[in-house]
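In what follows, a single structure is set out as structure tokens and then discussed.
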Amino acid sequence: MKRDGLIIMAEHIFTGFGFGPIQAGLFVKEAFENGNFSRIVAAEIDQSIVDAVRANKGSYYVNVAKADGIDVIKIDGIELLNPGVPKDRQILLEVLAQSTEITTCLPSINFYDSISALIADGLKNSKAKATIVYAAENHNRAAEILEEKISHELTRIGTNFEREEFEKVRGKNQVQFLNTVIGKMSRVVDDAAEIAELKLKTITPGIKRAFLVEEFNRILVTRTRIANFKPGIEVFIEKDNLLPFEEAKLYGHNAGHSLLGFLGAVKGYTKMTEVKGDSDLMQIGRDAFLQESGAALIKKYAYLGDELFIEAGYKNYAEDLLERMTNPYLADTVARVCRDVVRKLGINERIFGTMRLALDYGIEPENMALGAIAGIVVLLDKAQEYNLPGDLHFADWRKLDGSSIENILNWLWNVQAYKVARPSLRLPRPRSGQVCSGQAWPCLHGLEARATLIKYVQNAREHFETLI
């Protein structure tokens with residue numbers, strides 16, 4: 001059928017990879033609720049979940065945390081398939097060949113190798129008039145990386161004819177890979193006492209785990225370029241350029257979340273709701289949001305004219321996030337926020353990436369530096385888990401001095417040098433004499449950036465001790 005001159009396929013078909021809270025509580029949920037899909041399938045390798053949803057006749061439950069309580073939503077008519085089971089894999093390939101929307105919700109882009117051959121096999125035999133592929137992993141080039149891997153698989157497994165046919169389809173913009181900015185917080189709750197306390201509905205009666213997602217639903221995606229095609233999931237907000245909003249998520253949402261989590265951990269809190277009751281910590285988080293990341297992002301992107309990158313718009317964004325991060329009905333744990341601390345303290349990541357951005361726009365990142373020293377304390381508490389060298393272990397963080405802070409940060413950033421980075425979020429190296437975006441403050445790069453960031457963390461050390 002047609003709506004506003006666009007083709008709206010009442011026969012949209014959805015296939016998702018992974019069945020965690022974002023897939024189940026966002027993509028599948030939206031596909032189910034808007035009624036544009038005749039078939040909804042998810043690929044999942046956890047056979048216990050596959051069996052449980054099948055035993056529940058294709059139904060499962062999602063708990064949605066609102067500001068004033070938790071709603072339970074039942075999703076019906078879902079097919080779960082395990083690609084590791086030959087019969088399921090064959091059905092999955094048939095569904096992929098008919099799918100108009102495909103979504104990957106995997107732990108990271110490192111898992112693309114496990115699904116790219118499957119998607120390639122499905123796309124080379126596609127019978128759909130058009131297909132969009134949402135890459136929902138937390139990486140700003142996820143869609144490009146997935147497309148490259150699928151193209152590589154087609155050259156490896158496809159016949160010349162199949163490869164040529166796929167390239168024709170892609171050349172006509174009938175297949176498009178889309179990046180996403182997903183600010184929706186979620187988690188899997190597996191503690192029986194917490195499930196009972198929050199009155200959560202488990203995924204199915206046979207699974208002792210529950211999906212808990214927040215109500216927030218402002219999801220940004222790359223604009224679809226396929227002519228006369230409208231996605232079956234209609235609630236997403238399309239943007240021509242996602243990079244400014246990816247940076248707002250990394251340097252605003254992610255940075256503020258980690259800062260509060262790290263500080264909360266050092267103060268002995270276990271729930272983010274406890275952080276909300278600490279006015280000093282919340283003020284640090286608010287100041288970091290508004291005066292550091294917000295001020296820098298507004299200077300960088302005010303020219304876009306988007307409401308997010310004006311002072312009032314960013315303030316609304318920050319205040320909303322602070323409320324959501326500490327929502328008692330989402331009941332997020334400090335431990336979850338603080339996990340993977342080595343990655344989060346990377347020089348291009350949320351804490352130090354925000355500090356670099358602020359400095360490049362002449363802003364002193366003093367609040368974010370407090371988050372950095374708190375992150376180091378969290379790291380010291382898990383020194384063996386993260387293989388911190390023995391000479392950098394400190395049983396009492398109060399014995400940290402300037403030299404030990406420098407050594408720990410250099411170890412962290414040397415480890416990160418071997419990790420997958422966020423290339424397009426790195427600040428570009430300026431030409432000789434150039435300054436960042438017309439600002440009077442020179443861009444920081446290489447050893448100069450390291451030295452400056454280390455100095456800010458060292459300077460924050462004394463204030464941090466009085467705060468804690």
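The values are calculated or read from the model by the stated rules, or taken from the named source; none is laboratory data. This structure is a prediction, so every number in the text was calculated from the model and none was measured. Neighbour counts are summed over all protein chains in view; Cβ atoms, including those assigned to glycine, are modelled from backbone coordinates with ideal geometry.
Conditions (1) outside any helix (DSSP H, G or I); (2) touching a residue at least 40 places away in the same chain (Cβ under 8 Å); (3) crowded, with 21+ Cβ neighbours inside 10 Å; (4) in the same structural domain as Leu118 (by TED's automatic domain parsing), marked per residue:
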| position | (1), (2), (3), (4) |
| --- | --- |
| Val41 | yes, yes, yes, yes |
| Asp51 | no, yes, no, yes |
| Ile70 | yes, yes, no, yes |
| Gly84 | yes, no, no, yes |
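Of all residues in segment 217-271, those being within 21 Å of the chain's Cα centre (by Cα) and part of a loop (DSSP other than H, G, I, E, B) number 12.
For segment 25-39, what are the residues that are assigned to a strand (DSSP E or B) and in contact (Cβ under 8 Å) with a residue 40 or more places away in the chain? Steps first, answer last, please.
Step one: list which residues in segment 25-39 are assigned to a strand (DSSP E or B), which gives 37-39.
Once the filter is applied, which keeps residues that are assigned to a strand (DSSP E or B) and in contact (Cβ under 8 Å) with a residue 40 or more places away in the chain, segment 25-39 yields Phe37, Arg39.
Does Ala55 satisfy the criteria of being within 30 Å of Ala331 (Cα to Cα), of a type in the set (A, V, I, L, M), in the same structural domain as Pro231 (by TED's automatic domain parsing) and under 24 Å from the mean Cα position of the chain (by Cα)? No; evaluated as a whole, the condition is false for this residue.
Could you go through segment 115-127 and let me know if any residue there is surrounded by fewer than 18 Cβ atoms within 10 Å (Cβ to Cβ), under 22 Å from Thr222 (Cα atoms) and among the hydroxyl-bearing types (Ser, Thr, Tyr). No, segment 115-127 contains no residue that is surrounded by fewer than 18 Cβ atoms within 10 Å (Cβ to Cβ), under 22 Å from Thr222 (Cα atoms) and among the hydroxyl-bearing types (Ser, Thr, Tyr). Can you list residue pairs whose Cβ atoms sit under 6 Å apart, with the first residue in segment 266-284 being closer than 12 Å to Ala335 by Cβ and the second being assigned to a helix (DSSP H, G or I)? Count only pairs 6 or more apart in sequence or on different chains. Short answer, once both residue conditions are applied: Tyr269/Val275; Tyr269/Val334; Thr270/Val334; Met272/Met325. Pairing each residue of segment 86-108 that is assigned by TED's automatic domain parsing to the domain that holds Asn179 and closer than 14 Å to Thr131 by Cα with any residue that is exposed (fewer than 15 other Cβ atoms within 10 Å of the Cβ) and of a type in the set (Lys, Arg), provided the two are 6+ apart or on different chains, yields C-beta distances under 6 Å for Ala97/Lys127; Gln98/Lys127. For segment 334-377, which residues satisfy the criterion of being in a helix (DSSP H, G or I), farther than 26 Å from Thr273 by Cβ and among the small types (Gly, Ala, Ser)? Across segment 334-377, the qualifying residues are Gly353, Ala358.
Regarding segment 138-149, can at least one residue be identified that is free of Cβ contacts under 8 Å to residues at least 24 places away in the same chain, under 21 Å from Lys29 (Cα atoms) and of a type outside the set (Phe, Trp, Tyr)?
Here is the first cut: in segment 138-149, the residues free of Cβ contacts under 8 Å to residues at least 24 places away in the same chain are 148.
Narrowing further to those that are under 21 Å from Lys29 (Cα atoms): none.
Taking every residue of segment 138-149 in turn, none turns out to be free of Cβ contacts under 8 Å to residues at least 24 places away in the same chain, under 21 Å from Lys29 (Cα atoms) and of a type outside the set (Phe, Trp, Tyr).
Reported count of residues in segment 78-107, each being in contact with a His (Cβ under 7 Å, 6 or more places away or on another chain) and either under 19 Å from Gly25 (Cβ atoms) or modelled with pLDDT under 95 (or both), is 1. What is the number of the single condition among (1) at positive phi; (2) modelled with pLDDT of 95 or more that Asn387 does not meet? Here Asn387 meets the rest and fails (2). Please verify whether segment 389-404 includes one or more residues that are surrounded by fewer than 20 Cβ atoms within 10 Å (Cβ to Cβ) and either among the polar types (S, T, N, Q) or outside the structural domain of Gln291 (by TED's automatic domain parsing) (or both). There is at least one residue in segment 389-404 that is surrounded by fewer than 20 Cβ atoms within 10 Å (Cβ to Cβ) and either among the polar types (S, T, N, Q) or outside the structural domain of Gln291 (by TED's automatic domain parsing) (or both). Scanning segment 323-333 for residues that are crowded, with 19+ Cβ neighbours inside 10 Å and assigned to a helix (DSSP H, G or I) yields Arg324, Met325. Within segment 303-317, the presence of a residue that is crowded, with 22+ Cβ neighbours inside 10 Å, assigned to a helix (DSSP H, G or I) and out of contact with any Leu (no Cβ under 8 Å at 6 or more places or on another chain) is excluded. Give me the residue from segment 86-106 that is closer than 27 Å to Val221 by Cβ and of a type in the set (A, V, I, L, M, F, W, C) and, out of that set, surrounded by the fewest Cβ atoms within 10 Å (Cβ to Cβ). Across segment 86-106, the extreme among qualifying residues is Leu93.
Does at least one position in segment 348-362 carry a residue that is within 19 Å of Ile182 (Cα to Cα) and among the charged types (D, E, K, R)? Yes: one or more hits. Among the residues making up segment 257-290, those that are of a type in the set (Gly, Ala, Ser) and touching a helix residue (DSSP H, G or I) at 6+ places or on another chain (Cβ under 7 Å) are Ser258, Gly261, Gly264, Ala265, Gly285, Ala288.
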